[in-house]
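Trainee: Before we start, here is the structure in question, set down as structure tokens.
Any read-out appearing in this document is the output of simple, stated calculations on the displayed coordinates, not a laboratory observation. These numbers come from a predicted model, not from an experiment. No Cβ is skipped: glycine too gets one built from the backbone with ideal geometry, and neighbour counts run over all protein chains shown.
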Amino acid sequence: MDVRQLVALNLRRLRVARQISQDDLALAAGIERSYAGHLERGSKNPTIVTLEKLALAMECEIAELFQKIPEGTTGIEPLKSGRRPPTSRRSK
């Protein structure tokens with residue numbers, strides 16, 4: 001696993017464990033939400049300053065973003081969606 005994938009998995013793991021949405025994390029860290037998504041997928045290479053902002057926003061040590069992932073870890077469960085189901089229209 002390359003370092004971008006390691007950071008991506010840890011970023012998602014820490015965010016989900018803290019019950020923080022990508023939107024809220026991005027807002028707290030001062031980055032774009034879409035950029036947060038790219039980081040969680042490992043498709044962008046963050047600067048150390050960005051990693052520091054993310055760690056501060058999640059109230060964790062920056063080193064936690066580089067922790068080894070336990071063997072056999074296949075993925076991180078997503079947060080439950082906060083969206084409501086569409087409402088039915090009332091008949092007139």
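Trainee: Report the residues of segment 1-34 in range of a label on Thr47: point 7 Å along Cα→C-beta, backbone N strictly under 15 Å from it.
Mentor: Label zone hits: 30-32.
Trainee: Please report, for the Cα atoms of segment 3-63, the Rg to one decimal and the Dmax as a whole number; what are they, in angstrom?
Mentor: Considering segment 3-63 through its Cα atoms, Rg and Dmax are 9.9, 24 Å.
Trainee: Got a sec? Which residues in segment 1-39 would a label at Gln67 touch, if it sits 7 Å along Cα→Cβ and we count backbone N under 17 Å?
Mentor: Inside the label zone: 5-20.
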